[in-house]
Structure formats: C-alpha cells, structure tokens
1. State all residues of the range 13-40 that are out of contact with any Gly (no Cβ under 9 Å at 6 or more places or on another chain) and closer than 25 Å to LEU268 by Cβ; if no residue qualifies, say none.
2. Of all residues in the range 254-264, which are closer than 23 Å to ALA188 by Cβ and open to solvent by 40 Å² or more (accessible area, probe 1.4 Å)?
3. Among ASP73, ASP69, which is the only one that is of a type in the set (Asp, Glu) and either touching a strand residue (DSSP E or B) at 6+ places or on another chain (Cβ under 8 Å) or without any contact (Cβ under 8 Å) to a residue 24 or more places away in the chain (or both)?
4. Within the range 240-253, restricting attention to residues that are over 16 Å from the mean Cα position of the chain (by Cα) and open to solvent by 60 Å² or more (accessible area, probe 1.4 Å), which residue is nearest to GLY218 (Cα to Cα)?
5. Quick check on the range 206-220: of everything there that is touching a residue at least 40 places away in the same chain (Cβ under 8 Å) and part of a loop (DSSP other than H, G, I, E, B), which residue is nearest to ILE161 (Cα to Cα)?
6. State yes or no: is VAL117 open to solvent by less than 30 Å² (accessible area, probe 1.4 Å) and not hydroxyl-bearing (Ser, Thr, Tyr)?
7. Residues VAL90, VAL104, VAL85: which one is surrounded by 22 or more Cβ atoms within 10 Å (Cβ to Cβ) and not acidic (Asp, Glu)?
Amino acid sequence: MRAVVVTAFGGPEVVEVVETAVPEPGAGQVRIKVAASALNPVDAGVRQGVFGGAGERLGLGWDIAGTVDAVGDEVEGPWGAGDAVVALAVGPVKALGAHAEYVVVDSGAVAAAPRTVDMVHAATLPLNALAAEQALELLELAPGQSLLVTGASGAVGGFAIQLAARRGVSVTGLARAWDEEFVRSLGAADFMSGGLGEGRRFDAVLDAAVLGEAALEGVRDGGVYVGAIPGAYPASVRGVRTTAIGVIADGERLAELVRLVDEGVLTLRVAETYALDEASKAHARLAEGGVRGRLVLVP
C-alpha cells in the first residue's frame, strides 16, 4: 500500500509517499480501508520535529473515514468488513498514520460514520471534535457561565463554540474581523477581534489559537484556562487553573459527535481535497495559512 511518511524533519518537501506492507490487525484491533483523512496542524508539527522521533520513519495523519477491511480477535464493538466508520489514529510518533490506503486502530477508537455527509466531510470530524469535547470537559463550565474561545474560526474553536453553546454556556469568539458572521453562526453570543481588550474577563478561556499568556489575561480570578497543545500552557496566576488538551481516542464519545453531525448540530468544513500522492502539496498549502476548513487527502 501507499503511505505518507517523513524520515527527516523540515518543510513540505520532506513529505514522502512510500510503498509499505499493509498492516495486520492484532487482538482488539480493526483495519480500515481509508477513504479520506484530514490534514491537521499536528501533522505539520510532526513533520517539523516538534514531537521528536529523529531517525525514525514517522507516519502522518490522525483522522480516518473509511470502511472496515479486517477485524482482529477480541474486538470491542460490532465491527465487520464493509462497515462505514470514522476513527482516530492517536499519537504523533507512529510508524504509520491515517494518511495511507489502510490503517490499523484499536476497536475502541472507532464509531459508525455519519449518515448525512460524505466520507471527505466525515474525515474532518474525529481529531478536532474530540479535542473540543475533551477541552470542554476540562473546563467544567455550567450553563450561563462565560467562555472565550480564541481561534474561533478554526476547526477546534468552531466545534467548541457549537458544543459549548449547546450546553448553555455563553460563548464569545475571538477571530479576525472578517470571520464574525461565521463565528456568530456557530452559536457565539459575542465576538471579538484584534485582541482581548482592556478589562474583559471570562469564567474560562479555550485557547485554540495558542496565544498563551495573552489569553490567560482574559480569565477571571479563579477561572480556568485550557490550551490546545499537550503540556503547553502558561503557569497559573490569580488562582486560575491552567491545563491543556491531550486528545485521546474514544469511540463512544466519537459516536455521540457523529450523532450531532447527523442532527445538524455540528458543521463540517472542507477547504480542498488532494490525492494521497499530492501530500507534499497539501502540506505546502497548509503552511501558506488562511485555510478555512480542512485539507483532506483522498487515497
């Protein structure tokens, strides 16, 4: 099969498409024939060496939409060949990722695919929606409390606004001025651009834009700050609890997010699609910035 890997760190030019053996599912695992897989900033981080792994072959890609191809022993769930599914291939340092023709994952990471969208759109759901959902769990906000989401027009920020508003949280989105209409359409009660502004503070901040200490200034005394990069968050000040998302694969929670897609609660956005052999070109487009929605690789 073909798979997207890096064997050295650098820019989009280090991204390779190689021929490699089709992986076999072990106990508790399923193999999925990949129909589509989104490209995310974490993939660029792996390519650049942010997560280590020097000297190793590193597979790229976390998001999976496709069909079950083979099932190992002791599988959790009702999965069988031909089932349409979405899943998360978690972890930045792995020999093979979801940017491949086939991928093996633990059965507990799998959920039935949405019925109302195609596989390309379904591939934009797992990583970013799970990140938003798990961030909200860390925030522990009650209905009526206030939340500032930085990077509100991005994938994690957009899902977070929709999920938080559904919980009755009063959400303010921080993004560029031209994204105001879109951010409000997601359910944000208020909008900010150009900075946090003097004296404006919230019960919590989800810092999807990775502003760090600047975003921390937007949290009230005793509030909560959640960052978007594992282990990367500012030190606590003024009694603010600070932490960051460490996304985990969770098929049950992913199934709930799929249900929200089918109910029209969650919006899935695709910017462009690329063939698997164009992975380097897709990385170059991501590096240019200004992408609204996900770039999706289609094997």
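1. Once the filter is applied, which keeps residues that are out of contact with any Gly (no Cβ under 9 Å at 6 or more places or on another chain) and closer than 25 Å to LEU268 by Cβ, the range 13-40 yields only VAL15.
2. Those that are closer than 23 Å to ALA188 by Cβ and open to solvent by 40 Å² or more (accessible area, probe 1.4 Å): GLU256, ARG259, GLU263, GLY264.
3. Sole residue among the options that is of a type in the set (Asp, Glu) and either touching a strand residue (DSSP E or B) at 6+ places or on another chain (Cβ under 8 Å) or without any contact (Cβ under 8 Å) to a residue 24 or more places away in the chain (or both): ASP69.
4. Restricting to residues being over 16 Å from the mean Cα position of the chain (by Cα) and open to solvent by 60 Å² or more (accessible area, probe 1.4 Å), the top hit is ARG241.
5. Among residues in the range 206-220 that are touching a residue at least 40 places away in the same chain (Cβ under 8 Å) and part of a loop (DSSP other than H, G, I, E, B), the one nearest to ILE161 (Cα to Cα) is ALA208.
6. No: the conditions fail for VAL117.
7. That would be VAL85, the only listed residue that is surrounded by 22 or more Cβ atoms within 10 Å (Cβ to Cβ) and not acidic (Asp, Glu).
Yes/no matrix, rows are residues, columns are (1) at negative phi; (2) touching a Phe, Trp or Tyr at 6+ places or on another chain (Cβ under 8 Å); (3) part of a helix (DSSP H, G or I):
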site: GLY195; (1), (2), (3): no, no, no
site: ALA204; (1), (2), (3): yes, yes, no
site: GLY222; (1), (2), (3): no, no, no
site: GLY239; (1), (2), (3): no, no, no
site: GLY246; (1), (2), (3): yes, no, no
site: GLU256; (1), (2), (3): yes, no, yes
site: ASP277; (1), (2), (3): yes, no, yes
site: VAL291; (1), (2), (3): yes, no, no
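The values are calculated or read from the model by the stated rules, or taken from the named source; none is laboratory data. These numbers were taken from a predicted model, which means no experiment stands behind them. Cβ atoms come from the backbone with ideal geometry, glycine included; neighbour counts cover every protein chain shown. Side chains are part of the model used for accessible areas, which takes the heavy atoms of the whole protein and leaves out ligands, DNA and RNA. Shrake-Rupley method; radii C 1.70, N 1.55, O 1.52, S 1.80 Å.
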